[in-house]
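A quick write-up on the structure given underneath.
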Amino acid sequence: MERLAKEIKIERKIMDYWNKRYFNEGKIWGELPSKSANLALNLFKKYNVKSILVPGAGYGRNSKLFSENNLKVVGIEISNIAYEIARKFDPKTHFIHGSVLDMPFDEEKYDAIYSFNILHLFMRKERFLFLNKCHAQLNDNGIVFFVVFSEEEKSKIVTYTLFY
Ligand SMILES: C[S@@+](CC[C@H](N)C(=O)[O-])C[C@H]1O[C@@H](n2cnc3c(N)ncnc32)[C@H](O)[C@@H]1O
């Protein structure tokens, strides 16, 4: 019980942190997709991917690229503010408001998973949990495309402080 309460408290803190950022900064990284989303899209096309899961989808800048290229996309996002922005910004994607650590939210399996700058936000135990949950939602021969910060990344990652 105590452990569950602690986990809920941490998730609440994470949501508050991201809500505050999206409330103050709106579309924090602009409206264009990350370069990696374009690389992923080429790969997905090459391997005839039809459906994609986007955990930690933010306000939808990456999912929008996929959905506008006629892929079936589901995004999961913990911040209700980002979730609301995403539903308007990328109406072709189906967004779910929730934590990726609580996946799955349905029985669906996907041809690919695209995750941009989420994995490194978690500590070791949650990283494995997240990866296992992603794996369980992949179709056979599915593709995972994960982007993470390198340890050599120079930018200051404020979010780390929340997870320790
Ligand atoms: C660095 S941002 C990247 C957002 C998006 N991938 C993009 O590139 O625009 C990390 C995102 O993950 C979300 N996030 C953090 N922890 C999460 C969790 N446990 N479940 C779902 N989303 C989470 C945050 O709210 C935030 O939108």
Interchain or sequence-distant (5+) residues whose placed amide H lies within less than 5 Å of the amide H of residue 76 are 54, 56, 57, 96
Once the dipole of segment 2-163 is set up from charges on Cβ (+1 Lys and Arg, -1 Asp and Glu), the residue from the list 148, 129, 54 lying farthest towards its positive end is 148
What ranking do 134-145, 53-64 get when scored by the average of other Cβ atoms within 10 Å per residue, highest first? 53-64, 134-145
Could you rank the peptides 81-90, 115-124 by their average count of other C-beta atoms within 10 Å per residue, with the highest value first? 81-90, 115-124
Please report, in whole Å, how far the alpha carbons of the chain spread along each principal axis, starting with the longest. 45, 33, 33
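Take the cross-link list 46/109; 46/92; 9/50; 20/109; 20/64; 6/88 and give me the ones stretching past 29 Å between alpha-carbons.
As for pairs spanning more than 29 Å Cα to Cα, those are 9/50; 20/109; 6/88.
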If you find the alpha carbon centre of segment 69-118 and of segment 21-51, how far apart are they in angstrom? 12
Can you compute 3J(HN,Hα) from phi for each residue in segment 10-18, using the Karplus curve 6.51 cos²θ - 1.76 cosθ + 1.60 with θ = phi - 60°, rounded to whole Hz and x for Gly and Pro? 5, 4, 4, 5, 4, 4, 4, 4, 6
Residue-ordered couplings for segment 122-131, obtained by feeding phi - 60° into the Karplus form 6.51 cos²θ - 1.76 cosθ + 1.60 and rounding to whole Hz (Gly and Pro as x), are 9, 7, 3, 4, 5, 4, 5, 4, 4, 4
Please give, to one decimal in nm, the separation of the simple spin-label points placed at residue 48 and residue 153, each 7 Å out from Cα toward the Cβ. 3.5
Check: segment 2-163 dipole with +1 on Lys, Arg Cβ and -1 on Asp, Glu Cβ, in debye: 260
How many nm separate the modelled label positions at residue 23 and residue 6, each set 7 Å beyond the Cα in the direction of the Cβ? 2.8
What do the square roots of 5 times the Cα gyration tensor eigenvalues come to for segment 62-117, in whole Å, largest first, as semi-axes of the equivalent ellipsoid? 16, 15, 10
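Computed from the coordinates by the stated procedures, all read-outs in this text should not be read as laboratory data. What you are looking at is a predicted structure, and each value in this text was computed from that prediction instead of being measured. Here Cβ is always computed from backbone atoms with ideal geometry, including for glycine, and neighbour counts include all displayed protein chains.
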